[in-house]
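The values are calculated or read from the model by the stated rules, or taken from the named source; none is laboratory data. In this text, all values refer to a predicted model and were calculated from it rather than measured experimentally. A quick note on method: Cβ atoms are made from the backbone with ideal geometry, for glycine too, and the neighbour counts reach across all protein chains shown.
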Ligand code: NAD
């Protein structure tokens with residue numbers, strides 16, 4: 001029986017906690033949520049009035065004066081468990097990089113492909129209205145970011161609505177990240193490099209481990225998902241001498257064993273409505289299932305959770321899995337892959353470039369510039385160089401923890417993250433106890 005997705009994440013937390021011998025009160029705090037907000041909201045989808053389920057989750061923050069942060073999905077089939085699991089994973093990413101946020105996640109249960117542009121804008125507005133009424137959004141409270149089915153335009157609409165509701169107040173641009181740079185010639189607080197950030201971080205994560213991997217000179221790659229994350233990792237790999245042989249999205253996949261021309265594929269998919277790689281000239285069709293078991297060096301799941309499971313892990317032929325999506329590999333699959341000697345570069349580290357650069361964007365929007373990693377100028381090279389440094393530093397620490405504790409990279413990343421978080425949580429508790437004792 002497959003385990004519940006949230007339970008899978010808690011098991012990873014608990015394993016790391018046991019290794020670090022963390023106190024029970026810390027584990028209890030770390031495996032609980034600050035807020036689970038769910039409501040039904042009014043919407044129009046494809047011209048039809050509907051009530052849609054919407055959710056926002058806050059995990060725990062190690063620094064209470066900082067806000068929560070996490071992606072916001074427009075997608076059908078959202079479950080509370082999956083959003084809770086991603087909020088808890090988001091905290092791990094923040095702990096890893098020493099970002100001061102608590103993890104969050106949320107979304108609306110809707111298929112964005114069925115909505116007109118005006119309907120999507122209205123969805124973004126209503127969602128912000130509902131969160132705002134409940135005091136659950138704000139640049140110092142909770143900062144959503146783009147995720148499955150959402151993009152920079154939707155982030156702009158959310159910011160636009162919030163700044164209308166809070167007009168006259170400072171720092172309103174910091175209410176969401178992943179915004180465009182400008183709209184109609186007016187700067188709206190976006191940061192150069194945020195669009196590329198998650199893909200770029202993934203590429204650097206692979207590069208950190210490359211020296212220890214047995215890869216051919218021009219390694220072949222298969223990628224599931226060709227949205228924000230899949231597109232940019234494909235592009236960075238293509239530009240750096242990798243051969244991307246297969247790419248799939250929710251409508252199907254394309255294959256060219258000599259290597260797909262990624263810039264042309266991006267151009268091709270970009271004009272399709274809905275966006276898809278299917279039908280790309282010079283390619284043959286490959287199903288999502290075939291792609292997961294395709295013979296290549298590196299497999300990049302960059303779409304949805306739980307796609308590598310006990311059912312298909314044995315059939316994976318790649319020697320490296322670079323996790324772009326959140327939670328793509330189940331623990332049962334992890335065990336099978338470990339036995340086969342497949343190296344898994346885990347999501348909580350590999351795709352953390354998005355939140356790292358979102359932190360820069362938010363810091364600049366809200367004048368929180370004390371952290372020297374935040375670039376002083378809105379310049380793509382400064383942004384990506386700072387991100388590269390963060391990814392390399394944490395990647396090397398994960399390698400060190402993996403050797404020290406003789407564990408997988410995933411468990412090493414959890415141990416490192418909880419090691420950092422528990423330090424801060426203890427200081428907070430001790431401060432509270434001191435105040436209680438001495439007034
Ligand atoms: P997106 O909506 O831009 O793209 C998603 C892609 O996945 C699309 O190509 C879609 O067609 C495809 N897809 C959806 N369902 C599929 C299925 N069942 N099989 C195959 N392909 C499918 O989303 P994104 O922002 O690229 O996010 C992708 C993943 O990366 C998600 O798991 C997200 O949580 C994670 N992530 C995103 C970011 C970010 O900055 N956007 C950061 C960290 C993690």
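Below are the figures for this structure:
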{"read-out": "Residue 320 vs. criteria buried (at least 21 other Cβ atoms within 10 Å of the Cβ) and more than 16 Å from the ligand (Cβ to nearest atom)", "value": "yes"}
{"read-out": "Residue that is farthest from residue 312 (Cα to Cα), among those in segment 270-288 that are within 11 Å of the ligand (Cβ to nearest atom) and touching a strand residue (DSSP E or B) at 6+ places or on another chain (Cβ under 8 Å)", "value": "275"}
{"read-out": "Odd one out for residue 184 among (1) more than 16 Å from the ligand (Cβ to nearest atom); (2) in contact (Cβ under 8 Å) with a residue 12 or more places away in the chain; (3) farther than 15 Å from residue 107 by Cβ", "value": "(2)"}
{"read-out": "So residue 174, is it out of contact with any strand residue (DSSP E or B) (no Cβ under 8 Å at 6 or more places or on another chain), in contact (Cβ under 8 Å) with a residue 60 or more places away in the chain and away from the ligand (no atom under 16 Å from the Cβ)", "value": "no"}
{"read-out": "Flag if residue 263 is away from the ligand (no atom under 11 Å from the Cβ) and closer than 22 Å to residue 204 by Cβ", "value": "yes"}
{"read-out": "Any hit, segment 294-313, residues being within 11 Å of the ligand (Cβ to nearest atom), buried (at least 17 other Cβ atoms within 10 Å of the Cβ) and assigned to a helix (DSSP H, G or I)", "value": "no"}
{"read-out": "Candidates 83, 148, 131, 141 - the one that is at pLDDT 95 or above, more than 16 Å from the ligand (Cβ to nearest atom), out of contact with any helix residue (DSSP H, G or I) (no Cβ under 6 Å at 6 or more places or on another chain) and within 25 Å of residue 353 (Cα to Cα)", "value": "141"}
{"read-out": "Filter pass, residue 252 being within 12 Å of the ligand (Cβ to nearest atom) and without any contact (Cβ under 8 Å) to a residue 24 or more places away in the chain", "value": "no"}
{"read-out": "Of the criteria (1) within 10 Å of the ligand (Cβ to nearest atom); (2) surrounded by fewer than 20 Cβ atoms within 10 Å (Cβ to Cβ), which one residue 207 fails", "value": "(1)"}
{"read-out": "Checking residue 328 against (1) more than 16 Å from the ligand (Cβ to nearest atom); (2) under 21 Å from residue 8 (Cβ atoms), the condition it does not meet", "value": "(1)"}
